[in-house]
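Input: a single structure, listed below in structure tokens.
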Amino acid sequence: MSEKMTRKPCIVWQTDFTLSWGAVASMRGVCKSVDPELECVDITHEIEPYSILAASREIVYVEPFWPKGTIFVSVVDPGVGTSRRACAAKLKDGNYLITPDNGSLTHAFHQVGIEAVREIDETVNRWKGTEEISVFHGRDLFAYTAARLAAGIIDFEGVGPEYPVSEIVLLDEALVRADVEEGAVSCVVGGARDPFGSVTFNATIADFARAGFRHGDTVKVSIRHAGKDVFTGDVLYHKSFGYVPLGEPILFNSSTGYISIGLNQGSFLSRYPCQTGKEWTVELRRS
């Protein structure tokens with residue numbers, strides 16, 4: 001049998017744990033203890049603390065670019081130890097996502113599709129000796145279950161009992177979908193942690209095209225929070241930053257498939273501080 005046929009799937013994960021303490025190393029250790037051959041790859045461990053929206057969004061930025069059968073683990077879990085389900089979802093494109101069912105599956109549900117979901121059976125898929133610990137399911141349930149699945153010790157059915165996809169907890173659809181009409185898009189700030197200081201809206205490139213916007217158009221942009229203007233101006237929509245002078249704003253298609261606003265060689269976020277969520281509304285209209 002060829003190496004390609006026998007290679008085990010990677011575990012690709014993200015958390016809000018940071019790397020400033022031993023949490024992520026403990027998760028890696030669990031995976032290596034289950035099977036030393038398993039490969040663990042990081043997306044980020046700098047998700048905004050407790051931000052289920054950010055966790056849901058970040059996964060779908062990365063997931064399409066990995067081979068089918070990859071096992072993703074997302075742990076942003078402010079309800080850890082409560083009655084919220086710990087689950088594994090089989091996505092319609094063949095990948096898996098192991099996560100608390102707390103809204104973290106929202107973007108995958110809408111943009112990839114979920115074929116089936118199973119609740120992790122803690123009597124089988126829990127690191128031994130942690131039964132009295134309720135605050136670190138990232139290590140004790142999610143990493144352990146992902147490792148057993150990647151190693152072939154269990155199959156998807158071995159995760160635990162299946163429950164209806166219709167019961168998956170989803171975030172408010174306004175956080176995922178923009179409102180589109182001819183010449184206008186209404187949306188919210190979907191991402192405000194870009195290292196270069198750009199801000200991403202929850203309007204997709206396809207949304208912008210449906211509204212009739214094309215590269216070279218000037219768009220009236222309004223970002224508001226709690227009824228107050230954060231930014232208002234006419235902004236060029238084009239392919240990349242170099243189409244405007246240094247320090248000037250530009251609308252562009254981000255690498256994640258969403259519409260973003262940034263400054264040419266500057267930080268939009270530093271000049272116009274924004275955060276994510278429904279309270280940060282955005283109007284994009286033909287100028």
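The values are calculated or read from the model by the stated rules, or taken from the named source; none is laboratory data. None of these values were measured; they are calculated from a predicted model. Virtual Cβ from ideal backbone geometry, glycine too; neighbours counted across all protein chains shown. Please note that ligands, DNA and RNA were not included when accessible areas were found on the heavy atoms of the full protein model with its side chains. Shrake-Rupley method; radii C 1.70, N 1.55, O 1.52, S 1.80 Å.
Residues in segment 131-154 that are open to solvent by 10 Å² or more (accessible area, probe 1.4 Å) and under 21 Å from Lys32 (Cβ atoms): 11 in all.
Screening segment 171-238 for strands (runs of 3 or more DSSP E) wholly inside it with 2 or more residues that are open to solvent by 60 Å² or more (accessible area, probe 1.4 Å) and farther than 15 Å from Ser287 by Cα returns the ranges 218-225, 228-237.
With the structure loaded, tell me whether Pro249 is modelled with pLDDT of 95 or more, within 18 Å of Ser222 (Cα to Cα) and surrounded by 18 or more Cβ atoms within 10 Å (Cβ to Cβ) or whether it fails that test. Break it down stepwise before answering.
Details: modelled with pLDDT of 95 or more: yes; within 18 Å of Ser222 (Cα to Cα): yes; surrounded by 18 or more Cβ atoms within 10 Å (Cβ to Cβ): yes.
Considered against the rule, which asks whether it is modelled with pLDDT of 95 or more, within 18 Å of Ser222 (Cα to Cα) and surrounded by 18 or more Cβ atoms within 10 Å (Cβ to Cβ), Pro249 comes out as yes.
Reported count of residues in segment 192-235, each being on the phi > 0 side of the Ramachandran plot and in contact (Cβ under 8 Å) with a residue 60 or more places away in the chain, is 2.
Among the conditions (1) open to solvent by less than 20 Å² (accessible area, probe 1.4 Å); (2) within 11 Å of Leu105 (Cα to Cα); (3) not aromatic (Phe, Trp, Tyr), the only one that Ile52 does not satisfy is (1). Given the conditions (1) over 22 Å from Val60 (Cβ atoms); (2) touching a Gly at 6+ places or on another chain (Cβ under 7 Å); (3) of a type in the set (Val, Ile, Thr), report the number of the one that Thr204 does not fulfil. The one condition Thr204 does not meet is (1).
Criterion first (touching a Pro at 6+ places or on another chain (Cβ under 9 Å) and not acidic (Asp, Glu)) does Val235 satisfy it?
On the way: touching a Pro at 6+ places or on another chain (Cβ under 9 Å): yes; not acidic (Asp, Glu): yes.
Yes; evaluated as a whole, the condition is true for this residue.
In segment 21-46, which residue that is out of contact with any Lys or Arg (no Cβ under 9 Å at 6 or more places or on another chain) and under 27 Å from Ala203 (Cα atoms) is surrounded by the fewest Cβ atoms within 10 Å (Cβ to Cβ)? It comes out as Asp42.
When you scan segment 57-76, how many residues do you find that are open to solvent by 10 Å² or more (accessible area, probe 1.4 Å) and within 22 Å of Val189 (Cα to Cα)? Even if it seems obvious, please write down each step before you answer.
Quick first cut of segment 57-76, residues open to solvent by 10 Å² or more (accessible area, probe 1.4 Å) only: 57-58, 60-62, 64-69.
In the following step, the residues that additionally are within 22 Å of Val189 (Cα to Cα) were identified as 57-58, 60-62.
Residues meeting the conditions: 5.
Count of segment 79-92 residues, restricted to those that are in a loop (DSSP other than H, G, I, E, B) and surrounded by 17 or more Cβ atoms within 10 Å (Cβ to Cβ), is 2.
In segment 110-129, the residue that is nearest to Asp140 (Cα to Cα) out of those that are of a type outside the set (A, V, I, L, M, F, W, C) and assigned to a strand (DSSP E or B) is Glu119.
Scan segment 255-268 residue by residue and report those that are within 20 Å of the chain's Cα centre (by Cα) and open to solvent by less than 100 Å² (accessible area, probe 1.4 Å). Passing the criteria: Thr256, Gly257, Tyr258, Ile259, Ser260, Ile261.
State the number of residues belonging to segment 93-107 that are open to solvent by 20 Å² or more (accessible area, probe 1.4 Å) and in a strand (DSSP E or B). Steps first, please.
If we filter segment 93-107 for residues that are open to solvent by 20 Å² or more (accessible area, probe 1.4 Å), which is where we start, we get 93-94, 96, 102.
If we keep only those that are in a strand (DSSP E or B) too, we end up with 96.
The total comes to 1.
Each residue in segment 61-78 was checked for being modelled with pLDDT of 95 or more and part of a helix (DSSP H, G or I), and 4 of them qualify.
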